[in-house]
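Bear in mind that the values in this text are calculations on the coordinates, not laboratory data. Note that the structure is predicted; figures quoted are calculated from it, not measured. Positions of Cβ are generated from backbone atoms using ideal geometry, with glycine treated the same way; all protein chains shown enter the neighbour counts.
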Amino acid sequence: MGLTLALALERRGVPVRIIDSAATRTDTSKALVLWPRTLEMLDIEGCADRFVNSGIRGTGARLRSDRGELAHMTFGGLDSPFPFPVLIPQSETERILGELLEERGVVVERESTLQEFSSHDDGVHLVITGPDGKEEAVITPWLLACDGAHSTVRRGLGVEFSGTTLDMDFVLADVHLDGDLPDGELSIVLAPEGVVALFPIIGGRFRVVAEIHERPATDDGPTLDAVQGLLDRRVPVPLRAHDLVWASNFRINERKVEAYRHGRVFLAGDAAHIHSPAGGQGMNTGMQDAFNLAWRLSMVARDVAHDELLDGYSVERSAVADMVLRNAGAMTRMTGIRNGMLQRLRNAVIRVAGRRAAFRRRMVEQLSEVDVAYRHGDLSIHTPDQAPGLAPGDRVRDLDIVLPEGTPATLHEALRDGRFLLLSVGCDALEVPPDLRGLAHAAVTAGATRVPAGFVYLIRPDAYLAMSTRPERVECLLTTLSSLSTGQSATTAA
Ligand SMILES: Cc1cc2nc3c(=O)[nH]c(=O)nc-3n(C[C@H](O)[C@H](O)[C@H](O)COP(=O)(O)OP(=O)(O)OC[C@H]3O[C@@H](n4cnc5c(N)ncnc54)[C@H](O)[C@@H]3O)c2cc1C
């Protein structure tokens, strides 16, 4: 999370310093999936290929009971340049992010711990201890707390991490599995004894996650024999587990802060929200926090936008975390049903729903996070003449465009410099007034699915639509842009 934020800021010309109390980066697999929306964001950062080439492409997810298949979802039909999740251990994701940062001359300062901080008019005053134990005093304009679920910064702010710990126990194990399991597919078995999920990892490895009904005596995780026992009892196809790589137990916390912004201090990732791993959204949600904060902060840091732009980060990302907590919580509770009759009813409902293409598409869009939208965001502005189909706050799918010099590009490529894009679709190109060129640039395209011709679209640096209108009313888009630098509310300006 901190690595993603540092990379996105550094790319936009904001100098960063990144400290980590850990001596080395994680060597455990933890989050296993980069979902398509995260890949799209990494594409805007110009580095998605590095992740795609280092993982395996997920093809789908299959839900079964002990009596057979309940639902089978595939990612192939997803409307994205990345119609697949990339299955890649978090240790690899962090390695690649670390390398990308090092290529830009940023090295994580390890064994450096934030001890205390306080906000002042001239910035945030920090006390950091380095590997030699010596204290260093630092003043920084902004402190971005990506310090995990036990966040020192969140505690220092005195912010409540409200929520609950679920009364459910889980085991996880990374093992090698022999047996008839489709490549690149996630399998979830809703067995009468309890759920077991199998996620492919690189190199023939699988993550096995299962709910257990007895509190483990130690935190060591299950033995290989215990994993084999779970598979034998719960999975309806024969599987042989061998070469245990990593095992652990866990309980699920569902917690979130109310506000992500506290003056010059921002919370992001697990420091702001934690939830069930069902759906594999934790790290992805954190990385998308990073992209949202990075483009806003870079505009304020470059002095082209007013500090008010930073408030929208909390509003938008807090609403997304609320949704993720709800969905992941519902999935977890649904898999944890113990009553036999309710289990049969649940399975029957999933089997019926799973036959419906609309249900499968909805599930795939939710997992892929391409359905994340900011319709109630600070920059989602309705106009009387807005384009039909694509609402303010909706994701704009990558599309082919032409830059003013006649250079062909994709939307994602055009957004790489961190500015808004004024996209004329099926109408004449606009010229951005000189005083707004730090905030936006212009391009044209003939039109695309869900982006009807005859309109001008104001697209945010993270590829969400801010607003659209007819070319003759483009003044309201420019007024909105201009309001970003003055701090006058964008909604009022329109
Ligand atoms: C077993 C497991 C499985 C998971 N599976 C998935 C999954 O499938 N999909 C998914 O999306 N997510 C998954 N997650 C969640 C995912 O791992 C987290 O959401 C992600 O790591 C959060 O990143 P973060 O940077 O916010 O926090 P962390 O990864 O916890 O990083 C916080 C960093 O801050 C450092 N730090 C803490 N305090 C200080 C301090 N005072 N000074 C300096 N440094 C400090 C720590 O050393 C650490 O490096 C899983 C997590 C676990 C544990």
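Here are the numbers:
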item: Neighbour-count order for Asp219, Asp79, Asp121, fewest beta carbons within 10 angstrom listed first; result: Asp121, Asp219, Asp79
item: Per-residue ³J(HN,Hα) for the range 85-92, Karplus 6.51 cos²θ - 1.76 cosθ + 1.60, θ = phi - 60°, Hz, x for Gly and Pro; result: x, 9, 8, 8, x, 4, 4, 6
item: For His262, distant residues with modelled amide H under 5 Å away; result: Leu267
item: Long-range amide H partners of Ala31 with built H, under 5 Å; result: Gln90
item: Under the Karplus curve 6.51 cos²θ - 1.76 cosθ + 1.60, θ = phi - 60°, whole-Hz ³J(HN,Hα) for the range 307-317, x wherever Gly or Pro sits; result: 3, 4, 4, 6, 5, x, 4, 5, 4, 6, 6
item: Long-range Cα-Cα pairs in the range 400-493 (distance over 18 Å), rounded percent; result: 39
item: Amide proton proximity set for Trp142, modelled H, under 5 Å, gap of 5+; result: Val124
item: Evaluated over the range 139-181, the Cα radius of gyration and Dmax, each in Å; result: 18.9, 57
item: For the range 400-493, share of DSSP beta bridges that run antiparallel, in % to the nearest 5; result: 70
item: Residue-by-residue Karplus 3J(HN,Hα) for the range 7-12, coefficients 6.51, -1.76, 1.60, Hz, glycine and proline x; result: 5, 5, 6, 4, 4, 8
item: Relative contact order [Cα under 8 Å, 6+ residues apart], the chain, whole percent; result: 15
item: Rg [Å, one decimal], Dmax [Å, integer] - the chain, C-alpha atoms; result: 23.6, 71
item: Residue-count net charge about Glu69 - beta-carbon cut-off 10 Å; Lys, Arg +1, Asp, Glu -1; result: +4
item: Electrostatic dipole magnitude of the chain [Cβ: Lys, Arg +1; Asp, Glu -1; Cα centre; debye, to 20]; result: 1820
item: Estimated [θ] at 222 nm from DSSP helical runs (n ≥ 4, -39500 (n - 2.57)) normalised by residues in the chain, nearest 500; result: -9000 deg cm²/dmol
item: Sites matching trypsin sites (Lys or Arg not before Pro) across the range 368-429 that sit in DSSP coil, with at most 14 neighbouring C-beta atoms within 10 Å; result: Arg375
item: Sites excluded, GluC sites (Glu not before Pro) in DSSP loops with at most 12 other C-beta within 10 Å, longest stretch of the chain; result: 1-159
item: Normalised per residue, the volume of the convex hull around the Cα set of the range 10-52 (Å³); result: 110
item: √(5λ) per eigenvalue of the Cα gyration tensor, the range 164-253, largest first, Å; result: 21, 14, 12
item: Relative contact order (%) - criterion: Cα under 8 Å, at least six apart; region: the range 400-493; result: 24
item: Least to most buried among Ile337, Ile139 (fewest other Cβ within 10 Å first); result: Ile139, Ile337
item: The range 128-281 - Rg over Rh from alpha carbon coordinates, Kirkwood radius; result: 1.09
